[in-house]
Structure formats: structure tokens, C-alpha cells
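Here the structure is laid out as C-alpha cells; the discussion comes afterwards.
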Amino acid sequence: MTQRRHFLGSAVALTASAGLPILHSQSAYAQNFPARTIRYICPWTAGGTTDIVMRVFAESASKVLNQTVIVDNKPGAGGTLGAVELVNAKPDGYTLAQLPISVLRIPHMQKVQFDALKDFTWIACLTGYTFGLVVRADSPIKTIKDLVEYAKLNPGQFSFGTPGTGTSPHLVMEEFGFKAGIKMQHIPFKGVAEGMQSLLGGHIMGHSDSTGWAPHVEAGRLRLLATYGSKRTKRWSHVPTLEELGYQTVSDSPFGVCGPKGMDPAVVRQIQNAFKATLDDPAVIASLEKFDQPVIYLDTAAYTQYARDTFQAEKATIERLGMTNKS
């Protein structure tokens with residue numbers, strides 16, 4: 001930390017000694033930002049939990065910035081297509097994206113077109129997810145204990161959907177299976193809508209995802225077996241967590257807003273402050289509560305450190321689960 005402070009202090013001194021015109025140019029650019037529509041990439045399908053929440057964030061940020069922020073869906077590849085878009089985008093603040101935790105995880109599993117720690121500006125973290133495992137209401141599997149017993153008697157027969165290979169809902173199930181000593185069949189989908197259709201249609205036995213399944217649980221069509229947070233949710237307080245059931249598995253996948261590398265620091269601060277302000281918007285708070293998403297705010301420095309720490313933690317998890325594959 002001392003070395004980091006020294007580095008930052010030296011960088012500021014060097015910038016100041018390099019002459020004021022550079023700082024003046026950056027400031028002038030920032031003063032004119034934003035001058036046109038900002039694109040906020042959602043790497044998930046339209047209509048899913050993340051898409052809905054991001055649209056509320058975008059609408060609120062539009063009011064703060066006095067400029068339109070649109071959400072552009074780029075689903076697929078485990079939520080990493082937004083990252084690919086940022087690599088090729090100009091660092092002018094007009095192309096932003098949600099970078100899910102899979103961006104910090106999938107590079108340990110396969111070759112990707114980006115460097116998670118060098119190619120992005122981690123502007124601000126805003127929230128996270130409530131994840132859970134659901135089955136059909138008429139399923140004979142009524143508890144996690146039932147699932148474990150079934151899977152031990154029928155190795156590889158319990159099929160579960162997720163929003164993609166390498167996503168948190170997928171990795172949690174792999175970790176749970178590893179801890180429980182069972183084998184299950186993973187079926188990746190592009191988003192929660194596809195997964196729900198497959199589960200309700202009887203094509204898979206369970207689905208692991210964020211709370212896009214909530215309306216079906218509330219309507220009695222699906223049964224929630226467990227959630228993945230560190231403690232039970234307020235909304236489903238009767239449902240246990242995988243952690244309390246003894247499987248030592250916790251996930252909430254914090255996310256927010258990111259940009260390409262090399263952005264003007266003044267523009268980064270503008271975007272960071274604008275999205276931080278959205279967390280005081282009643283419409284945003286209502287949307288987060290609807291989908292049981294906590295407020296998890298991190299500024300640029302803290303979010304950047306989170307990315308570094310999580311990158312290393314995910315590497316250890318992938319190696320432990322034997323899922324490392326660079327082919």
C-alpha cells in the first residue's frame with residue numbers, strides 16, 4: 001500500500017511537471033461530456049433480471065448526466081460479449097458495459113479476446129444478485145437433501161440450466177456438486193427466459209439463476225430449494241442457503257459500470273458520480289428490492305482492487321474444480 005501511494009504521488013508530480021496544457025485539455029473534454037447518447041452494454045438477454053435493472057439504472061443516470069443512456073443487449077458467451085465490445089471501443093466514455101464476474105473467471109477456463117485486468121476501466125460497482133436453485137412445483141425433489149440423495153442414486157441424471165457456462169449460477173452448482181460428492185448435468189442457456197421455458201416445459205429438472213424465477217415461485221409453479229448468499233433473503237426467509245446447509249458456497253456477483261482502458265480520469269469521475277447518484281433514486285431502489293438485489297457500492301479505486309482480488313480468487317476456484325482449459 002505504501003508503494004502504491006508512492007507511485008500515485010509520483011504520477012501526480014510527473015503529470016504536473018509535464019505542463020498544464022494536458023490537464024486543461026482533459027478538463028475541457030470532461031466539461032463537454034456527455035455531448036451525445038451513451039451506450040451501456042448489457043451482456044444478457046432482454047427481459048431478464050439484469051436487463052431490467054440496468055435499464056432502470058440507465059434511465060436514472062440519464063437524468064443525472066442530462067443525456068440519454070441506452071441499454072444495448074449483447075447476450076451469449078457467458079456474459080463476456082460486453083467485454084469484447086469494450087476492447088474495441090474508443091475510451092471516450094460513450095461506450096460502457098456491465099462486466100459480470102464471468103469476465104474475471106472465464107479467462108482461467110478458455111482463451112478470450114481480452115485481458116480482464118488491463119483492458120478495462122472499472123468505474124463503479126452498484127449492486128449484486130440473489131441467486132437460487134429452483135425446480136418445478138410438482139418435482140419429487142423438495143429439498144437440497146432430496147437432490148443430493150437423488151444425484152447419488154442417479155449420477156449425472158439431475159439436469160440443471162444456467163445463463164451460461166462459467167457464470168456464477170453455473171460455478172456455484174459445480175462447487176456445490178464438488179462439496180456434496182455428486183455429479184449433475186449442466187445445460188447452458190443464453191438467459192433466464194430460455195431457462196424458465198425449458199424448466200416449466202419439463203425439459204430440465206432444475207434451474208440455477210438470479211431471481212428472474214421469482215414470479216414463478218410466487219405463483220406456485222416453481223419451488224425454491226436454496227439461495228446462495230451469506231445469509232437468508234428477507235423475501236424467502238424460510239429458504240436455507242447453501243452455506244448454512246454446510247456446503248461452504250457463497251455468491252452474490254457484484255457488478256456495475258465499466259469502460260475501455262485509457263479513459264480520461266475526469267470523465268471516469270463524472271460517470272462514477274452519476275451512477276452513484278442513481279442509488280438514491282426511489283425508482284432504482286424499488287427495482288433492486290423487486291429482484292432482491294443489495295446495494296454494493298464501490299468507487300473506481302475499490303472496484304479496480306475488487307477486480308484484481310477476484311481474478312486471483314476465481315483462478316484458485318477453477319483450478320480446484322479441475323475446469324482449467326485453454327484449448
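Each value in this text was obtained by applying a stated rule to the coordinates, not by laboratory testing. Keep in mind it's a predicted model, so treat the numbers as computed, not measured. Virtual Cβ from ideal backbone geometry, glycine too; neighbours counted across all protein chains shown.
Would you grab the residues whose amide H sits under 5 Å from the one on residue 253? Only those 5+ places off in sequence or on another chain, please, with H modelled 1.01 Å from N.
129
Okay, helix-only estimate at 222 nm for the chain: each DSSP H run of n ≥ 4 adds -39500 (n - 2.57), divide by all residues, round to 500 deg cm²/dmol; what do you get? Provide the component values of the computation, followed by the final result.
Values: 12 runs with 138 residues, N = 327.
Helices in the chain give a 222 nm mean residue ellipticity of -13000 deg cm²/dmol.
Suppose a student asked you for the relative contact order of the chain, using Cα pairs under 8 Å spaced at least 6 residues apart; what percent would you report? Can you show the working numbers first?
On the way: 604 pairs, mean separation 85.9, N = 327.
About 26 percent, as a whole number.
Please rank 216, 170, 207, fewest neighbouring Cβ atoms within 10 Å first, as an exposure proxy.
216, 170, 207
Looking only at the chain, where both bridge partners belong to it, what percent of the DSSP beta bridges are antiparallel (to the nearest 5)? Walk me through the intermediate numbers first.
Details: 19 of 34 bridges.
Percent antiparallel among DSSP bridges in the chain is about 55.
Select from 161, 79, 181 the residue whose mean-square fluctuation is largest in a Gaussian network model of the chain (Cα-Cα springs shorter than 10 Å).
So, out of 161, 79, 181, the one fluctuating most is 181.
For the chain, modelled as a GNM with alpha-carbon contacts under 10 angstrom, which of 72, 292, 280 fluctuates the most?
Comparing 72, 292, 280 in a Gaussian network model of the chain, the most mobile one is 280.
What translational diffusion coefficient, in µm²/s and rounded to a whole number, does the Stokes-Einstein relation yield for segment 202-327 at 4 °C and a viscosity of 1.567 mPa s, taking the hydrodynamic radius as the Kirkwood radius over Cα pairs? Working shown, then result.
Numbers: Rh = 17.7 Å.
The diffusion coefficient I find is 73 µm²/s.
Starting at 0 and stepping by 20 Å, how many percent of the alpha carbon pairs of the chain end up in each bin?
The percentages, shortest bin first, are 31, 54, 14, 1.
What's the exposure ranking of 159, 237, 251, going from fewest to most Cβ atoms within 10 Å? Each step should come with its number before you reach the end.
Values: 159 16, 237 9, 251 20.
The fewest-first ordering by Cβ neighbours comes to 237, 159, 251.
Name the shape class, rounded, prolate or oblate, that the alpha-carbon gyration tensor gives for segment 131-247, where a ≥ b ≥ c are the square roots of its eigenvalues, rounded holds for a/c under 1.5, and otherwise prolate holds if a/b is larger than b/c and oblate otherwise.
Numbers: a/c = 1.25, a/b = 1.05, b/c = 1.19.
Rounded is the answer for segment 131-247, as its axis ratio a/c remains below 1.5.
Please give the FRET efficiency for residue 238 paired with residue 290, using the beta carbon to beta carbon distance and R0 = 22 Å, rounded to the nearest 0.05.
0.70
Picking from 169, 34, 140, which is most flexible by a Gaussian network model of the chain using Cα springs under 10 Å?
The residue that fluctuates most here is 140.
Residue separation times 0.36 nm, minus the C-alpha to C-alpha distance between residue 178 and residue 35: what's the value? Please list the in-between numbers first.
Working: separation 143, 0.36 × 143 = 51.48 nm, distance 5.08 nm.
Length difference between fully extended and current span is 46.4 nm.
Between residue 138 and residue 67, what FRET efficiency follows from the Cβ-Cβ distance if R0 is 41 Å, with the result rounded to 0.05?
Result of the calculation: an efficiency of 0.25.
In terms of the Cα gyration tensor, with a ≥ b ≥ c the square roots of its eigenvalues, is segment 59-215 rounded because a/c is under 1.5, prolate because a/b exceeds b/c, or oblate?
The shape class here is prolate.
Can you tell me which of 241-247, 186-192 comes out highest on packing, and rank the rest after it, using the mean Cβ neighbours within 10 Å? Don't skip to the end; give the middle numbers.
Numbers: 241-247: 17.7, 186-192: 19.7.
Ranking the peptides 241-247, 186-192 by packing returns 186-192, 241-247.
Write down the percent of antiparallel bridges among all DSSP beta bridges whose residues are both part of segment 128-261, to the nearest 5. Working shown, then result.
Values: 10 of 17 bridges.
In segment 128-261, DSSP labels about 60 percent of beta bridges as antiparallel.
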